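Here's the structure, in structure tokens; my notes come after.
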Amino acid sequence: MTDGPGTRRQRFFARWYPDLMQRSEDAGQAAIRARHLARAHGRVLDLGTGNGFSVPHYAAAVTELVMVEPNPGLRKQLQRRTADVRARAWQIRDADAYALPFEDASFDTVSASLVFCSLDRPEAALAELARVTKPGGSFLFHEHVRGTGLLRVLHEVVTPLQVRIADGCRPNRDFLGLLGRSPFDLAEVEHLRMPGPPARVAPMVVGVAVRGAERL
């Protein structure tokens, strides 16, 4: 794990993002996470854990939790958040989403929350997640996606600016389209709105995809 200061963009994002998103958590996003992550079990990989909003919602069925977070500022916050629960088999890693340092088919569950909007190569990251997921294993996703109608136009307009100020976040990303072309098979999806201002303008998809053995 590297503990350098990170890029200027990473440092800026780590300063303001957790406080902004805490409003959404308090407005109902935490409840969505709790309900969704209750399905996680066995050895779990959480990609892009951030400062750890998802961490408290992993239940006892999770025997090992591997958290991947490349932003040094967010990783420090995550380390503080998990300091009192290290008795469980949890670890924090600084890893590349496009070349995960884990063996094939080594996780029962993989998860990502508000991650795929910011990845430069989301297709490669989905392929890597599929590679490390056991056949029949679950991918729990919780992502904001581009809107429709006038909101979609707005997302297209603001994307270049948001990429710069929000560590690569692209509000115009079609996550479900990417997922449909990945090695995962969509099993369930809910279409929601992100709770709380100002995030409530963002559509979200929360669901489960499965790693099919025939596509290994």
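Below are the figures for this structure:
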quantity: Cβ pairs under 6 Å, 6+ apart, first in region 116-145 and touching a residue at least 40 places away in the same chain (Cβ under 8 Å) and closer than 21 Å to Gly42 by Cα, second crowded, with 21+ Cβ neighbours inside 10 Å and among the hydroxyl-bearing types (Ser, Thr, Tyr); calculated: Ser138/Thr109; Leu140/Ser111; His142/Ser113
quantity: Single condition Leu20 does not satisfy, out of (1) touching a His at 6+ places or on another chain (Cβ under 6 Å); (2) exposed (fewer than 14 other Cβ atoms within 10 Å of the Cβ); calculated: (1)
quantity: Phe102, sole failed condition from (1) at pLDDT below 95; (2) surrounded by 14 or more Cβ atoms within 10 Å (Cβ to Cβ); calculated: (1)
quantity: Residue in region 172-184 that is modelled with pLDDT under 90, surrounded by 14 or more Cβ atoms within 10 Å (Cβ to Cβ) and not in a strand (DSSP E or B) present; calculated: yes
quantity: Enumeration of residues in region 112-130 that are under 18 Å from Tyr58 (Cβ atoms) and part of a loop (DSSP other than H, G, I, E, B); calculated: Leu114, Val115
quantity: Within region 159-171, tally of residues that are at pLDDT 70 or above and outside any helix (DSSP H, G or I); calculated: 4
quantity: Yes/no for Ser118 being surrounded by 14 or more Cβ atoms within 10 Å (Cβ to Cβ), at pLDDT below 95 and either over 19 Å from Glu64 (Cβ atoms) or small (Gly, Ala, Ser) (or both); calculated: yes
quantity: Any hit, region 93-110, residues being more than 23 Å from Pro183 (Cβ to Cβ), in contact with a strand residue (DSSP E or B) (Cβ under 9 Å, 6 or more places away or on another chain) and in contact (Cβ under 8 Å) with a residue 24 or more places away in the chain; calculated: yes
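Yes/no per residue for (1) outside any helix (DSSP H, G or I); (2) more than 18 Å from Trp16 (Cα to Cα); (3) of a type outside the set (Val, Ile, Thr); (4) modelled with pLDDT of 95 or more:
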| site | (1), (2), (3), (4) |
| --- | --- |
| Phe139 | yes, yes, yes, yes |
| His142 | yes, yes, yes, yes |
| Leu154 | no, yes, yes, no |
| Val157 | no, yes, no, no |
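The values are calculated or read from the model by the stated rules, or taken from the named source; none is laboratory data. Please read these numbers as outputs of a predicted model, since none were measured by experiment. Glycine also receives a Cβ, built like all others from the backbone with ideal geometry; neighbour counts cover every protein chain displayed.
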